[in-house]
Amino acid sequence: MPRELIHPVNPNLDVPRNFNLPYSVGVKADGLIFLSGMTAIDSATGERKHGTAASETADILSNMAEVLDGAGSSLANIVKANVFLHSLLEMDSFNGAYRRFFPDAPPARNVSGVVLNSGMKVEIECIALAGGEDGSRRERSIIEPKNPLLNNSRRHNRPHSPGVRAGNLIFISGMVPLDPVTGETRLGPTAEQALVVLNNMAHLLESNGSSLNRAIKLNVSLANMLECDSFYRVMRKFFPADPPACTVVGMQLSNGHGVEIECVAAA
């Protein structure tokens, strides 16, 4: 399988080269483009562009659109975005800017509160269909759960989709514990929250012809890393044999959630 590096048409957006960093802006492989995390850069000078969470988001997505366009793709081809905020208190400001770039059929998404480099407030990475002949093997479509109470995106008018199918892969947005009977947040011990999330994730996958048994990779965010063992005990019940790849990290989580899980699965 060939591997092709992405080089921005505008050299000011080639952050790794301009700041002497040991990675590429992006890599194209098997009909997909994987872009490195992008922070706000002035496209006219190549310098970092500090601002509000909203202004940095707009700058990042404008530059991301330019990089993808130069590679034969577009923002509309993004299947999964990972967003890193310096503070989750900026969520509303971030969403206000973000939704302008994805008015219809937004990608799957995960938002985490983290420590960012150089005083930046926002960083975004993504996976997108390559477009053209490279991406023609994969059709992009939105997936939703059969239970509408679990469609957090639609019920709360959020600028992300529950999941996106791209060819033979399904990318699921970060899921928090929602009661399938009421649609409301189910707070409680981390183990109970993890149980709810994985049950709901199973429902979403089964609603679209897949299952947890077809999970390839889980990314798990915990509000308290001391709860790692209790999470693993729950995970073991869902994956008693041949479990998926998994990364567990401690991050800021919103609204008192103890756990959030995103997933890539085979369709």
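Would a scan of the stretch 77-88 turn up a residue that is part of a loop (DSSP other than H, G, I, E, B) and either assigned by TED's automatic domain parsing to the domain that holds Asn157 or in contact (Cβ under 8 Å) with a residue 12 or more places away in the chain (or both)?
Scanning the stretch 77-88, I find at least one residue that is part of a loop (DSSP other than H, G, I, E, B) and either assigned by TED's automatic domain parsing to the domain that holds Asn157 or in contact (Cβ under 8 Å) with a residue 12 or more places away in the chain (or both), so the answer is yes.
If you go through the stretch 92-100 one residue at a time, do you hit one that is of a type in the set (A, V, I, L, M), at pLDDT 95 or above and out of contact with any strand residue (DSSP E or B) (no Cβ under 6 Å at 6 or more places or on another chain)?
Filtering the stretch 92-100 down to residues of a type in the set (A, V, I, L, M) leaves 97.
Next, only the ones that are at pLDDT 95 or above stay: 97.
Narrowing the set further to residues that are out of contact with any strand residue (DSSP E or B) (no Cβ under 6 Å at 6 or more places or on another chain) leaves 97.
The answer is yes, given that some residue of the stretch 92-100 is of a type in the set (A, V, I, L, M), at pLDDT 95 or above and out of contact with any strand residue (DSSP E or B) (no Cβ under 6 Å at 6 or more places or on another chain).
Name the strands (runs of 3 or more DSSP E) wholly within the stretch 162-236 that hold at least 3 residues that are of a type outside the set (Gly, Ala, Ser)? Working first, answer last.
Values: elements: 163-166, 169-175, 215-222.
In the stretch 162-236, 169-175, 215-222 are the strands (runs of 3 or more DSSP E) which contain 3 or more residues that are of a type outside the set (Gly, Ala, Ser).
Taking the stretch 81-119, which residues are small (Gly, Ala, Ser) and within 21 Å of Leu204 (Cβ to Cβ)? Steps first, please.
Pass one, the stretch 81-119, residues small (Gly, Ala, Ser): 81, 87, 93, 96-97, 105, 108, 112-113, 118-119.
Ala81, Ala105, Ala108, Ser112 - these are the residues of the stretch 81-119 that are small (Gly, Ala, Ser) and within 21 Å of Leu204 (Cβ to Cβ).
What number of residues in the stretch 37-67 are under 24 Å from Glu262 (Cα atoms), out of contact with any Lys or Arg (no Cβ under 9 Å at 6 or more places or on another chain) and either outside the structural domain of Ser112 (by TED's automatic domain parsing) or not small (Gly, Ala, Ser) (or both)?
Residues in the stretch 37-67 being under 24 Å from Glu262 (Cα atoms), out of contact with any Lys or Arg (no Cβ under 9 Å at 6 or more places or on another chain) and either outside the structural domain of Ser112 (by TED's automatic domain parsing) or not small (Gly, Ala, Ser) (or both): 3 in total.
From the list Thr57, Thr39, Thr45, Thr52, exactly one residue is in contact with a helix residue (DSSP H, G or I) (Cβ under 9 Å, 6 or more places away or on another chain), modelled with pLDDT of 95 or more and within 19 Å of Pro106 (Cα to Cα). Which is it?
On the way: Thr39 fails: within 19 Å of Pro106 (Cα to Cα); Thr45 fails: within 19 Å of Pro106 (Cα to Cα); Thr52 fails: within 19 Å of Pro106 (Cα to Cα).
It is Thr57.
For the condition in contact with a Ser or Thr (Cβ under 8 Å, 6 or more places away or on another chain), more than 17 Å from Gly37 (Cα to Cα) and not in a helix (DSSP H, G or I), what is the one hit in Ala105, Ala128? Before the answer, list the steps.
Details: Ala128 fails: more than 17 Å from Gly37 (Cα to Cα).
It is Ala105.
The values are calculated or read from the model by the stated rules, or taken from the named source; none is laboratory data. Note that the structure is predicted; figures quoted are calculated from it, not measured. As a convention, Cβ positions derive from the backbone with ideal geometry for all residues, glycine included, and neighbour counts pool all protein chains shown.
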